Structures are given as C-alpha cells and as structure tokens.
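Everything on this sheet refers to the single structure shown next.
Computed from the coordinates by the stated procedures, all read-outs in this text should not be read as laboratory data. Since this is a predicted model, take the numbers as computed values, not measurements. Here the Cβ positions follow ideal geometry from the backbone for every residue, glycine too, while neighbour counts run over all protein chains shown.
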Amino acid sequence: MEFTSKEEMDEFTVGDTTVVHHKGTKGPRKWGHVYVSSDQTPRACIYTSKQVTATKLTNFCFRDLVAIKVTVGRSCYILCSAYLPYESPTPPPRQLMELIEWCKSNNLPLIVGCDANAHHTCWGSKDVNQRGQDLLEFLISSGLDILNRGTKPTFVTRNRQEVIDITISNSWSSHLVTNWRVSSEVSMSDHRHILFNLETGTVPVEREYRNPKLTVWSTYKDILSRNVGPPVRPHTIPQIESSVKNLTKAVVHAYEQSCPVRKVRSRHSVPWWNPELLTLRKKALEIPSREVWNQDPDALVSHGLVWFTDGSKTLEGTGAGVRGVRPRVELSFPLGKHASVFQAEVFAISACVSENLKRGYSNQHIQICTDSQAALHALKSPRITSQVVLECTNSLAALGQKNKVRLVWVPGHSGVAGNEEADVLARKGSSDTLTGPEPAIGLPYSYPLGSIDNWTREKCQEDWSRGIGLRQARLLIKGPGAAATRSLVNLNRASISIITGLLTGHGRLNKHLSTIGLSPDSRCRLCGTSDEDSIHVLCHCPRVIVNRHRLFGAGYLAPEDIREVPVDRVLAFARSTGLF
C-alpha cells in the first residue's frame, strides 16, 4: 500500500483508496499525517495532508483497522482503512462490526476503504467465493452500501487481475460519494488507487452531550454508593492505582446513568441546500448599501410594480403597513399587543405578496422594499423556524411562478418617500384595535422569555423596595440589576464575600463586629475618629482620600454616588484600604 498526497489536490488515502477533498491549491504537498496502530506490525493505515483536520479514533485503531474523524466546517465524517485477512474464518472482523454499530448509534457518516480479500460480482469480481458471499450478506444485513463501480481490477499482478478492494458506506454518507473510479496510475503496489469525491458540508452534525444541571442526584448517590462499597485502605502503589481506577470508573458510571444524554443537531446546514440555490436566492434578494440609496434612490426601483412595507411596535400594540407606489395602494394591519417587530416586518411583506396575488398579476416585475434586514435574512435562509416566515416564503413562491419578484432593502428613516409612508401606515396599525382574539400571530419564542424576565425583574424590585432594614444597602446599592449581577457572578468566592459585606454593612468592619460582640472597639482602624462602617470607609474616611480619588474620581462622596461605581472599582478600593 502507498500513502501519498498528489499535487493540486487536497486528499487523503484510506487503505488503497484516495479520497479527493477539493482542488485548487497551489504547489506540492510536502508532509502530512499518518494514522496507524502502534501495537503490532500494521496492515492498515490512513494518510492525510496537513490541510485535512482529522482526529484518530483510538478505540478503533488496531493492526488491521484504523479509523479517523475528519472535520470539515460544521460537519464530521468517519473514515476507516480496513484489512480483512484471508485466513480469518468469516469477514468482517469484530472491530469493524463495532465501528459500524458505533457510527449507526451516533448517526455519523462512515466510509470504509478495505482490502476485502473476497470475490463477488456485486463489486466487480469475475466470480463469487464463500468469503464474498458471507461479506455481502453482512453488508446487506447492516444496511451498508457498496460504492464500487464497474469491473476495472483493483488488484493487479503479472499473472492475475481481480477486484478485491471495496469501498463501503452507511446511509449517512452514500449520497456524499461521487465519481468513484480506479486510478490507472502506478501505485508501486499490487493494489491500485481508488479515487472518489466526497461532497462535504451537506450533512448536519448531530452531537451528543450531557448537561450536569439535569443530573438526578438522588439516583447518582444510590448508584455510586452501590458501586464503591466500603472504603479499604491501600498499602501498595498498585493498590492505590487500582483504587483510583475503580473509584473513577464508579463516578463516571453513576454520572452517565443519572444524567440523560441529549442530542443537538447543527442548525447551519440542510442536505438539499447548494451554491446554485444560494445564487438564485441572492438574485431575488438585494441589499444595496446606504450610499447607493443616497446617490439615486429612484434608480433602484425605477421600473415594474413597486411596493414598500414596514412594521411597527409601540406601547399601544403592533402593526404592519403596505404602501404601493405603482399601483397606488395603502394598507394598514393591526396585529395586537403580543407580536414582535420582526413578525410585523415579515407579515407586512406577506400581506404585500397576498395583495399582488389577489390582483392576479402575470409577467410583471414586482419589487418589494423593506427596511428590515432581519426579515430579508430570514427569508433568505434555507432553514425556517418561524410560522410567519414559512407562510411568507410560500406566498413568495406562488407569486414568483408567474412574475419576477425581487426583495430590496431600503434604509429606514432616511427620507425615502415610500418607506416613510409605509412607516406611517404601520404606526397607524399599531394604534388600531385588533378585531378578534389575541394573539393575531403565533407568539414568538422571545415573548414568554421576555414576560418571565420582566416579571422576575418587577418581583425583585418589589421585594427590594419592601424589605425590612437594609439601611446601608439601600444607600449604597441602586437595586436589582442585570449588569451588577453579571459582574458579581464573574467574581470568585473571596471577592464576592468582600463586596457583599462592604455594600450591606455586614462585612469585617469594626462597627459590625462590635455590634455582634466580636470586637471591643467600633472605631475606624485607619483614622480612629468615627465608627468603621461601610459608608465611612467608602465615602468619608480621610486616610484613604487618595485611593478614593484615584478609583472613584473624587476625594469625598455621598453614599448615593457609590451606586454608579462599577463593582470592580468598589472591590479594588476595598482591597486598597487594607481592611479586607
């Protein structure tokens, strides 16, 4: 077997199979990576060039089998080189069966290039032997596909030519392999190179993970207590290592049994999307720059039927507006109180399309202008997660069957007459009363999250306002806030203890310690003139006036001024005093 990388190709070799990843690189490859088992004299290995991002799967690396995971963008592929010994009783070996089952359970695309040492007409051999029959039955029962095409020999010697090298794949990768062929180039081996193209970037990766927050801790404790057993004191190094190994194994097993596995699919690709569709989509959607609109706004919409759409959300509600320039049409739609601005923008486009369908236009050039790039990008994306976007996309497809439709972005509130008029209609819709029950449009995912967040914020503010005591805390802390919370969460435990004690007055200051009977003196350790409490240290103590001026911008402060100081500066000041 030979493992080489050829010029002007980014490729990798799987056994006697060379997979072409892409072309267009410049200059020869010099060095790459060879993946092989180091346990015994290997009979299988994989070579990759430096441009291929690959990871060796150590659990599937043996003398006769090597597997790697190749990552391309957000997708990954399992590639395997396998040697099926002729002297083995039944093909394939157990290790290959385990790899196939692992890929199946994890929904991973698998491609195997192997020296099968088996004959069958299904992959181009001249005859069928028992090994070939057994191997074919296994492939069929496992749902694997044979990618060999034609009868060109893959094994060539002076007195023999035969097809004994096969390429197999599972259902996740069969459609990705194209242009399978046997190379005529001399490989300096009895086996010929097998080449094929692997169409990458079309399979969304499905990833498994465990979220520790979802662990059922009662189950975890029960399983761990059963597996660990009573403690035994180790006396030798092997006993210590064995105890550590057993304990680690018990902890991992208990965690895996008590924490459910979750699967996440990539949201960034779908199998049927391709560059040609992207090009067609871009032709139907145009986002000119603001400068282009400022230079000559009429040139972009100088012909055909021109429409402007807009959405608006106010305290009164949400609305959508449609303004037709050619023809002259004005439409306003109230959408109730729960729809988002994004939904209003997409609904306005959909309403405009429906109006054009209602008018029965045919062979027309229709231009729909909107100031929402979010709506345009949602309509451009191959993956749709919103019902209103799906309905709009279907309407656009129906209108585009008999007309040429173009969506154009227009800068909002920039003096473009049609856009300004559509904005007025949208604001009118937001102030009008919705006829019928709410919600007029399905609730966006952000609505319940925002409602919960607002309720939580109001509840926290209410508890803060009605709380008993909190004399120093009310003076120094503005109240519950997301910014302060994020700053505190990012601190370590010691820093949180310091800042909490300082701002609430329950820290390691003499006034508080004296109150609870832990200090005989309540006076300030720095100046000795006043009680050492939070307000004195932060605002009035003359001995730290320089520190205060450097960090807070003033030598003396009112307690209310501390509310506007970032948490990290308050913490830095507290540490600079030497009291904490």
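A few notes on this one:
- The simple spin-label model puts a point 7 Å past each Cα toward its Cβ; for H377 and K263 those points are separated by 2.9 nm.
- With the simple model of a label 7 Å out from the Cα in the direction of the Cβ, V156 to R569 spans 7.9 nm.
- Among 317-323, 86-92, 46-52, 496-502, the order from most to least packed when residues are scored by Cβ within 10 Å on average: 317-323, 46-52, 496-502, 86-92
- Stokes-Einstein D for the range 275-444, Kirkwood Rh over Cα pairs, 4 °C, 1.567 mPa s (µm²/s): 81
- When peptides 349-362, 228-241, 440-453 are ranked by their average number of other Cβ atoms within 10 Å per residue, the highest-first order is 349-362, 440-453, 228-241.
- At 1.306 mPa s and 10 °C, Stokes diffusion of the range 9-203 via Kirkwood alpha-carbon radius, µm² per second: 94
- For the listed residue pairs K69/K249; K213/K245; K104/K249; K380/K459; K402/K428; K358/K428, the alpha carbons are over 30 angstrom apart in K380/K459; K402/K428.
- Of all DSSP bridge pairs formed entirely within the chain, close to 70 percent run antiparallel.
- Magnitude of the charge dipole, the range 275-444, Cβ model with Lys/Arg +1 and Asp/Glu -1, debye to 20: 540
- Against the chain, whose longest principal axis comes from its Cα atoms, helix 567-577 is set at around 70 degrees.
- Cα radius of gyration and Dmax for the range 209-265 (Å): 14.1, 49
- Spin-label pair E355-E316: with each label point 7 Å from Cα along the Cα-Cβ axis, the two points sit 2.0 nm from one another.
- Listed values (i) -0.23, -0.33, -1.56; (ii) -0.31, -0.44, -1.36; (iii) -0.45, -0.63, -1.16, entry calculated as log10 I(q)/I(0) by the Debye sum over Cα atoms at q = 0.05, 0.06, 0.13 Å⁻¹: (iii)
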